[in-house]
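Engineer: If you scroll down you'll find the structure; I have some questions about it.
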Amino acid sequence: LTSWTPIGTYSNGSGIQYTGIFDGGNHTISGLYCKIANVRNHGVGLVGALGEGGRITNLKLTNSYFYCTGTANAMLGSIVGNSKGNIDKVYSDAIVKAEPSMVGGLVGYNGGAIEISESWFAGSAETAGTTIGGIIGNAVNSATIVNCWHSGTVYSKYTSSGAYVGGLVGQVTAG
């Protein structure tokens, strides 16, 4: 595995979000390893923060591992941690694991009007926190999911009431 630092950062209203078009050209990225401790209000994934106008398309992410620990509001997804951009034609079989965090197979948290289409998560997603989904962990504001599927595992170790666990989306909240 190759050590990976996410593209783009955004925390508490500041940072540099990736706002370009990441066209993978139907290539495969394999063997990424990302382990970050003490994450707070921060996105972790292939792209940590995808800003408005940003797009990730035509990409496969395989045999990769993303793990983070933090105090609160860490956002973890194999493709994007914190997203305000669009994702289409993406596949991931990565392992995503966090404590405590918002975890999604593809996107941990969306904070804008995004669309995810024709994408698939076949990996494993796990959290000790309250919010986890196969495609998006926490969908805030407006998220459109079109022709997406999840065939992996989603698991929350949270033992009290109030956990949000879903095959596609863990939690939907108005922003």
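The values are calculated or read from the model by the stated rules, or taken from the named source; none is laboratory data. Quick caveat, the model's predicted, so the values are computed rather than measured. Cβ placement follows ideal geometry from the backbone for every residue including glycine, while neighbour counts extend to all protein chains displayed. Note: accessible area is taken over every heavy atom of the protein model, side chains too, but ligands, DNA and RNA are not part of it. Shrake-Rupley method; radii C 1.70, N 1.55, O 1.52, S 1.80 Å.
Engineer: Taking K and R as +1 and D and E as -1, what net charge do the other residues with C-beta under 11 Å from the C-beta of GLN17 add up to? Spell out each step's value before the answer.
Structural biologist: Details: positive: LYS84; negative: GLU52.
Taking every other residue near GLN17 into account, the sum is 0.
Engineer: Output the Kirkwood hydrodynamic radius of the range 1-57, Cα pairs only, in Å rounded to one decimal. Walk me through the numbers before you get to the answer.
Structural biologist: Values: mean 1/r = 0.0813 Å⁻¹.
Evaluated over the range 1-57, this radius sits at 12.3 Å.
Engineer: On the full set of protein chains, 1.4 Å probe, figure out the accessible area of ASP88 and give it in Å² to the nearest 10.
Structural biologist: We get 20 Å² for ASP88.
Engineer: Want the number for SER14 to ASN26: 0.36 nm per residue separation, take away the alpha-carbon distance, what's left? Before the final figure, lay out each step's value.
Structural biologist: Numbers: separation 12, 0.36 × 12 = 4.32 nm, distance 3.19 nm.
Working it through step by step, the gained length comes to 1.1 nm.
Engineer: Where does the range 1-109 land on Rg(C-alpha)/(2.2 N^0.38 Å)? Don't skip to the answer; put the middle values down first.
Structural biologist: Details: Rg = 12.3 Å, N = 109, 2.2 N^0.38 = 13.1 Å.
The reported ratio for this selection is 0.94.
Engineer: Then there's this: Using protein chains only and a probe of 1.4 angstrom, how many square angstrom of CYS148 are accessible, to the nearest 10?
Structural biologist: Approximately 20 Å² of CYS148 is accessible to the 1.4 Å probe.
Engineer: How long, wide and thick is the range 92-149, going by the Cα atoms along their three principal axes, in whole angstroms, largest first?
Structural biologist: Sorted from largest, the Cα extents of the range 92-149 read 27, 24, 10 Å.
Engineer: Keeping all protein chains in position, work out how much accessible area MET75 exposes to a 1.4 Å probe, and write it in Å² to the nearest 10.
Structural biologist: In the full protein context, MET75 sits at about 10 Å².
Engineer: Excluding ALA74 itself, calculate the net charge of residues whose Cβ lies under 13 Å from the Cβ of ALA74, where each Lys or Arg counts +1 and each Asp or Glu counts -1.
Structural biologist: Values: positive: LYS35, ARG40, LYS97; negative: GLU99.
Net charge in that neighbourhood comes out at +2.
Engineer: If the reach is capped at under 21 angstrom between alpha carbons, list the lysines near LYS84, excluding any in the same chain fewer than eight residues apart.
Structural biologist: Cross-link targets: LYS60.
Engineer: Could you work out the local net charge near ASN147, counting Lys and Arg as +1, Asp and Glu as -1, over the other residues with Cβ closer than 12 Å to its Cβ? Before the final figure, lay out the partial values.
Structural biologist: Values: positive: LYS89; negative: ASP88, GLU115, GLU118.
Cβ neighbours under 12 Å give a net charge of -2.
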